[in-house]
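Values quoted throughout were computed directly from the atomic coordinates according to the rules given, and no laboratory measurement underlies them. Small disclaimer: the values here were computed from a predicted structure and weren't measured. Cβ placement follows ideal geometry from the backbone for every residue including glycine, while neighbour counts extend to all protein chains displayed.
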Amino acid sequence: MLNYTLRRLGLSIVIVSVAMSILFLMIHLVPGDPVTIALGPRATPEMREAYRARMGLDQPIHIQYVVFFANALRGDLGQDVFSQRAVTRIISEQLPHTAALVAAAIGWSALLGIVLGCFSAVHRNSFFDKFTGVITVGAIAVPSFVVSLYSLLIFAVMLKVLPAIGAGEPGDLVDQAQHLILPSFALGLGWVGYIARLVRASMLEVMGENYIRSARSYGLLERTVIYSYALKVAILPTVTLLGVGIGNLLSGALFAEIVFARPGIGKLIYDMVITRNYPVVQGAVLVTTALFVLCAMIADLVNASLDPRVRASL
Amino acid sequence: MDPVLSIRDLSLDFETPPGPVHALRNVSLEVPRNHIVGIVGESGSGKSTVIAAAMRLLANNAVIRGGEVIFNGRDVLGMNQEELRALRGEEISMVFQDPMTSQIPVLTIGRQMTDIQYRRRNVSMAEKRNLAVEMMRRVGISDPEERLDQHPHQFSGGMRQRIAIAMALLMNPQLLIADEPTTALDVTMEAQIIHLLRELKESFEGSILFVSHNLGLIAELCDYVVVMYAGEVVEQGSVEDLFYRASHPYTQALLECDPARIEDATPALPTIPGDVPDLHIVPQGCVFAPRCPRAVARCREEPAQIATIGAGHRARCHLLGHE
Ligand SMILES: Nc1ncnc2c1ncn2[C@@H]1O[C@H](COP(=O)(O)OP(=O)(O)OP(=O)(O)O)[C@@H](O)[C@H]1O
Ligand code: SF4
Ligand SMILES: [Mg+2]
């Protein structure tokens, strides 16, 4: 397991390095001058020169590449073009808001999705199963910005029961939690669908396996057979899905963050793209990519720790 | 003494889209206490279906049309889920054909073996583990203490079948059903498992219902034999009756086909020309008539009745008994 963890970590580092290189190349080799992109077409030649020197863009490309990596390793992702603040600082201010939102969204949707999927599989073809089938497919089909807008309209504007805008008072946990409800609902709804469908399908497959028939032949309680045996195997694909899902939502929370005017990484990237603040965009994309890779890695490690067959094949 | 298991006139259909498959028709058999009964028959003759019915572990599309299954004087077909659970594992237990898929992959063998003992309320976890260790040793697994912490995939097929037997015997059932427990194993492993079953029969107070394709194994292991063909029992009796006084043309065909192969313990049954009938439509006369070398006109018109040949020796054929 230690061996596997190290190998998996190594792979993650390689993936992040490749992603960093692609990001670097995209900015420097793709047609369009980064200076023009950052300063806009009406910048004077003096402004351009000053900016070029400050950003190290006057250096040869391979030096820039090495510097970029070296700086990233030191935790230096450059400075905001306008405020000169460190990009890492800006990101670390925004990241907790996104992390809280994603955790809340995935948390409630995983819990509900697993329960619904499991129950549907156990009571296959019942009214409950068919009803959840329709609901979950619906939840998958509705785009999350539509859910965001409608939930905002209903709960915040019409009923006025939940706060809608921002992330809540800093330091006031109850207020912050209340501000999480609507966006995490909007963001998680589709995931309830995905998770429920996946859990149902893998549960049905596992319930047909020979070892479930043997478990029954030993006279084990039905709840042992279902929850201690079948679910332990059926949950494995969901762990992988959750790893990818969490990584995905870190940058995919954008719509919810815009609609609910919440601070966060998605909102940050969006704002910085509009103002062409490319060091911040680059840094934020890098951090979300690294987090995505990290989540996928954690999911794989959790999977290996749950499934001895995977451990054995490593 | 009354038999531990007795199946009387059991008829069962599987509902399928083209119509019902009449998989069992008037099947009767008995398993006497402390004896081994073998069921032999070609693939599709209904062996697995009979034993699944005995434990009520049937597929969802199975419909019981008639008959009864009596275990220790109790009607298994009338039991509710709670009673069935009390029956399974504790009184009847089963070893399945494929050892590679019969234990859950994500739990250790030890955990699975202690789970099976959940009904022993007054026994501590440590004691349950000790019982598991002892059972593992009895089925011939060395270093059981350490091996209990391993997962199923860390064992070979033969060892997994031993473990399956250990699990089935943990609660001291009175009847162990083994459905082709050696088909998935190689010849050496097979011999070891058969040896183990024989040994266990001496030490554990119970009966074994042993299903096999293999006449040699049946001859080696069993006291009584039931021969099935196309969903019916065509002949049954003691091992001697069956091997020295086979009366039904099907049993005779099985034996005559190639007696040497029986000695060799070849895994497959000898081949008899013709095919097993389609069980969607049950023939009007004897089910074996299309393949029977001795069939007469009457065989195609009237179903054959059961004839008693000797004490406990019965066969279903027009040529026997009442003639
Ligand atoms: N769930 C099912 N649905 C429909 N038909 C079935 C089902 N299970 C078994 N059958 C049919 O019932 C008949 C008896 O099957 P069974 O599995 O009992 O045979 P078997 O003697 O155990 O054969 P084998 O030696 O191949 O294991 C076969 O014709 C089979 O196709
Ligand atoms: S009843 Fe006729 S067809 Fe059937 S086994 Fe006897 S002789 Fe053969
Ligand atoms: Mg079978």
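What distance in nm lies between label points placed 7 Å from Cα along the C-beta direction at residue A:135 and residue B:154?
Inter-label distance under the simple model: 4.3 nm.
Can you grab the distance from the C-alpha centre of segment B:190-226 to the C-alpha centre of segment A:273-289, Å, no decimals?
Here the two parts' Cα centres lie 73 Å apart.
Counting only helical runs of four or more DSSP H residues, what would the 222 nm mean residue ellipticity of chain B come to if each run contributes -39,500 (n - 2.57) and the total is spread over all its residues?
On the way: 12 runs with 105 residues, N = 323.
Mean residue ellipticity, 222 nm, calculated: -9000 deg cm²/dmol.
Can you show me the helix-derived [θ] at 222 nm for chain A, built from DSSP H runs with n ≥ 4 at -39,500 (n - 2.57) apiece and divided by the number of residues, rounded to the nearest 500. Walk me through the numbers on the way to the answer.
Values: 15 runs with 231 residues, N = 314.
One gets -24000 deg cm²/dmol as the mean residue ellipticity at 222 nm.
Over chain A, calculate the relative contact order: mean separation of alpha carbon pairs under 8 Å at least 6 apart, over the residue count, as a percent.
Working: 360 pairs, mean separation 79.5, N = 314.
With pairs under 8 Å counted, the relative contact order is 25 percent.
If one takes the longest principal axis of the Cα atoms in chain A, at what angle in degrees, from 0 to 90 and to the nearest 10, does the Cα axis of helix A:127-141 lie?
10
Fully extended, how many nm does the chain gain between residue A:223 and residue A:53 (0.36 nm per residue separation, minus their Cα-Cα distance)? Walk me through the intermediate numbers first.
Values: separation 170, 0.36 × 170 = 61.20 nm, distance 6.81 nm.
Gain on stretching residue A:223 to residue A:53: 54.4 nm.
Less than 15 Å from a label point 7 Å out along the Cα-to-Cβ axis of residue B:100: which backbone N atoms in segment A:192-226 qualify, by residue?
Counting only backbone N, you get A:210-211.
Percent of Cα-Cα pairs per 10 Å bin, from 0 to the last occupied bin, for chain A, please list those.
5, 21, 25, 23, 15, 7, 2, 1, 0
Normalise the Debye intensity by I(0) for chain B, one equal point scatterer per Cα, no solvent, then take log10 at q = 0.09, 0.14, 0.15 Å⁻¹ and round to two decimals.
These q points yield log10 I(q)/I(0) values of -0.48, -1.12, -1.26.
To the nearest Å, what is the center-to-center distance of segment A:131-147 and segment B:113-166, using C-alpha atoms only?
Going from one Cα centre to the other spans 47 Å.
By average Cβ neighbour count within 10 Å, what is the ranking of A:239-251, A:88-100 from highest down? Walk me through the intermediate numbers first.
Details: A:239-251: 20.5, A:88-100: 18.4.
The peptides rank, most packed first, as A:239-251, A:88-100.
Return the distance in nm (one decimal) between the two label points of a simple spin-label model at residue B:256 and residue B:59, each offset 7 Å from Cα along Cα→Cβ.
Result: 3.5 nm between the two label points.
On alpha-carbon atoms, Rg over Rh for segment A:93-265 using Kirkwood Rh? Numbers along the way, then the final one.
Details: Rg = 18.5 Å, Rh = 17.3 Å.
Rg divided by Rh gives 1.07.
Once every Cα of segment B:1-145 carries one equal point scatterer and solvent is ignored, give the base-10 log of I(q)/I(0) from the Debye formula at q = 0.14 Å⁻¹, two decimals.
The calculated log intensity ratios at q = 0.14 Å⁻¹ are -0.85.
Shielding of B:86-97 by partners, i.e. mean partner chain Cβ atoms within 10 Å per residue?
Details: counts 1, 1, 5, 6, 2, 1, 2, 4, 5, 2, 5, 1.
Partner-chain Cβ atoms within 10 Å, mean over residues of B:86-97: 3.
Other chains' Cβ within 10 Å of B:112-119 residues: what's the mean?
Values: counts 6, 1, 0, 8, 5, 1, 5, 3.
Counting Cβ atoms of other protein chains within 10 Å of each residue's Cβ and averaging gives 4.
Roughly speaking, what % of Cα-Cα pairs in segment B:159-313 are separated by over 29 Å, rounded to a whole number? List each step's numbers first, then the result.
Working: 3102 of 11935 pairs.
The proportion of pairs with Cα distances above 29 Å equals 26 percent.
For segment A:1-110, what is the convex hull (Cα atoms) projected area averaged across all directions, in square nanometres? The partial results should precede the final answer.
Values: hull surface 41.4 nm².
Averaging across all directions leaves 10.4 nm² for the Cα convex hull.
Determine the relative contact order of segment B:118-173: mean sequence separation of Cα pairs under 8 Å and six or more apart, normalised by residue count, in whole percent. Walk me through the numbers on the way to the answer.
On the way: 25 pairs, mean separation 21.3, N = 56.
Worked out over segment B:118-173, it gives 38 percent.
Is there a quick way to get the dipole size of chain A? I mean about its Cα centre, with the Cβ of Lys and Arg at +1 and of Asp and Glu at -1; what is the value in debye to the nearest 20?
Working: 23 positive and 18 negative charges, 148 e Å.
Using only the charged Cβ atoms, the result is roughly 720 debye.
When B:179, A:33 are ordered from fewest to most other Cβ atoms inside 10 Å of their Cβ, what list results?
On the way: B:179 20, A:33 12.
Exposure proxy ranking, most exposed first: A:33, B:179.
Using only Cα atoms, find the angle between the long axis of helix A:45-55 and the longest principal axis of chain A, and express it within 0 to 90 degrees, rounded to the nearest 10.
50
Would you mind counting up the charge near residue B:179? Only other residues with Cβ under 12 Å from its Cβ, with Lys and Arg at +1 and Asp and Glu at -1. Show your work: numbers first, answer last.
Details: positive: A:213, B:47; negative: B:98, B:180.
Value of the local net charge: 0.
Of the listed peptides A:38-45, B:129-136, what is their order by residue-averaged count of other C-beta atoms within 10 Å, with the highest listed first? Could the numbers behind the result be given before it?
Working: A:38-45: 11.6, B:129-136: 19.0.
Peptide ranking by packing, descending: B:129-136, A:38-45.
When a footprinting reagent is the concern and you count Cβ atoms within 10 Å, what order do B:188, A:224 take, fewest first? Don't skip to the answer; put the middle values down first.
Working: B:188 9, A:224 15.
Least to most surrounded, the residues fall as B:188, A:224.
At 25 °C and a viscosity of 0.890 mPa s, what translational diffusion coefficient does Stokes-Einstein give for the protein assembly as shown, taking Rh as the Kirkwood radius over Cα pairs? Give it in µm²/s as a whole number.
Details: Rh = 29.9 Å.
Calculated translational D: 82 µm²/s.
Given a cut-off of under 8 Å on Cα pairs at least six residues apart, what relative contact order in percent is computed for chain B?
Details: 593 pairs, mean separation 67.4, N = 323.
Over chain B, the number comes to 21 percent.
I want to check the label-to-label distance for residue A:76 and residue A:61. Put each point 7 Å from Cα in the C-beta direction and report it in nm to one decimal.
In this crude spin-label approximation the distance works out to 2.4 nm.
What list of ³J(HN,Hα) couplings, whole Hz, do you get for segment B:303-317 from phi and the Karplus terms 6.51, -1.76, 1.60, once you set θ to phi - 60° and write x for glycine and proline?
Ordered by residue, 3J(HN,Hα) equals x, 6, 9, 7, 10, 8, 9, x, 4, x, 9, 10, 8, 10, 7 Hz.
Whole-Hz Karplus ³J(HN,Hα) for segment B:5-17, in order, using 6.51 cos²θ - 1.76 cosθ + 1.60 and θ = phi - 60°, x for Gly and Pro?
Per residue, the Karplus-derived 3J(HN,Hα) values read 10, 9, 10, 10, 6, 6, 10, 8, 10, 9, 6, 10, x Hz.
For segment A:173-314, report the translational diffusion coefficient in µm²/s to the nearest whole number, using Stokes-Einstein at 10 °C, 1.306 mPa s, and a Kirkwood Rh over Cα pairs. Don't skip to the answer; put the middle values down first.
On the way: Rh = 17.9 Å.
Stokes-Einstein gives a translational diffusion coefficient of 89 µm²/s.
For a protection proxy built on the mean count of beta-carbon atoms within 10 angstrom, sort B:145-156, B:94-105, A:296-307 highest first, please.
The most tightly packed comes first, giving B:94-105, A:296-307, B:145-156.
Over every pair of different alpha-carbon atoms in segment B:60-188, take the mean of 1/r and invert it; report that Kirkwood radius in Å.
Values: mean 1/r = 0.0628 Å⁻¹.
Averaging 1/r across every pair of different Cα atoms and inverting gives 15.9 Å.
Please work out the Kirkwood hydrodynamic radius for segment A:74-165, using every pair of different C-alpha atoms, and report it in angstroms with one decimal place.
On the way: mean 1/r = 0.0588 Å⁻¹.
Taking the inverse mean of 1/r over all distinct Cα pairs, segment A:74-165 comes out at 17.0 Å.
Over segment B:166-244, what lengths in whole Å, largest first, do the semi-axes of the equivalent ellipsoid take, defined as the square roots of 5 times the eigenvalues of the alpha-carbon gyration tensor? Walk me through the intermediate numbers first.
On the way: eigenvalues 91, 48, 32 Å².
Taking √(5λ) for each eigenvalue gives 21, 15, 13 Å, largest first.
Taking beta carbons within 10 Å but only from partner chains, what does the mean come to for residues A:219-225? Don't skip to the end; give the middle numbers.
On the way: counts 16, 8, 4, 2, 0, 3, 2.
Rounded to a whole number, the mean comes out at 5.
Compute the Cα gyration tensor for segment B:121-188, then decide on rounded, prolate or oblate, letting a ≥ b ≥ c be the square roots of its eigenvalues: rounded whenever a/c is under 1.5, prolate when a/b is larger than b/c in the other cases, and oblate in all that remain.
Details: a/c = 2.55, a/b = 1.37, b/c = 1.87.
Taking the square roots of the gyration eigenvalues as a ≥ b ≥ c, segment B:121-188 is oblate.
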